[in-house]
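Notes follow once the structure below has been shown.
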Amino acid sequence: MTYPFIPVSINPGWGGSATITRPAGENLTTGELVVFDGGQFFRGVSTFSVDLWNVIGVVRASALVGNPVEVYIAHGQIFPVLFGVAPPVIANGQTVFLDSTFGLATLTPPTTTGNVIFKLGVLIGGDGINLTPEVNFNPQYISRIP
């Protein structure tokens, strides 16, 4: 059986990766981690009760609520991801997780009951100064903390 060729159009982004553009459901900042809900992008968070933990991408450039926002979505690509604290050089190679602060990444998995451990990828650009170091983006749900 042969399958028809279906052309796919991608927008080249950071490192030639795919992006998608949809409305921002809230004000979003470059490097924030986002989920797609109700046709809009919202900042992701590891708190299970909020149900915004299934991150699909990284904001390419800041956008105000209601405006179009471009989001990097390709797995296995390298994106600048926003952290609350700049990761040091020695942390390169460590796993990056979704933080319990909306839109941010962390090197420490959550430990609070009811939170979700959601792996984002591997840190490769930590320098102790930059709040948006490069991360090899491979999002994956790990578990929910009982």
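The values are calculated or read from the model by the stated rules, or taken from the named source; none is laboratory data. Small disclaimer: the values here were computed from a predicted structure and weren't measured. Counting neighbours? That spans all protein chains shown, and the Cβs are built from the backbone with ideal geometry, glycine included. These accessible areas exclude ligands, DNA and RNA; they are computed on the full protein's heavy atoms, side chains included. Shrake-Rupley method; radii C 1.70, N 1.55, O 1.52, S 1.80 Å.
Listed values, structure above:
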{"read-out": "Net charge of neighbours whose Cβ lies under 13 Å from the Cβ of Phe41, counting Lys and Arg as +1 and Asp and Glu as -1", "value": "-1"}
{"read-out": "Dipole axis of the chain (+1 Lys, Arg; -1 Asp, Glu on Cβ), positive-most option in Thr29, Phe102, Ala74", "value": "Ala74"}
{"read-out": "Net charge dipole size for the chain [Lys, Arg +1 and Asp, Glu -1 on Cβ; Debye, nearest 20]", "value": "180"}
{"read-out": "Within the chain, percent of DSSP bridges classed antiparallel, to nearest 5", "value": "95"}
{"read-out": "Average projected area [Cα convex hull, region 54-125], square nanometres", "value": "5.6"}
{"read-out": "Other-chain or far-sequence residues with amide H under 5 Å of Gln94's (modelled H)", "value": "Leu123"}
{"read-out": "Heavy-atom surface of the chain, accessible at 1.4 Å and reported per residue (Å²)", "value": "52"}
{"read-out": "Portion, in percent, of the accessible area of the chain that falls on carbon or sulfur, probe 1.4 Å", "value": "58"}
{"read-out": "Long-range Cα-Cα pairs in region 15-59 (distance over 12 Å), rounded percent", "value": "60"}
{"read-out": "Rounded if a/c under 1.5, otherwise prolate or oblate - the chain, Cα gyration tensor axes", "value": "rounded"}
{"read-out": "Cα lying deepest toward the dipole's positive end in the chain, options Asn138, Val65, Val50, charges on Cβ", "value": "Asn138"}
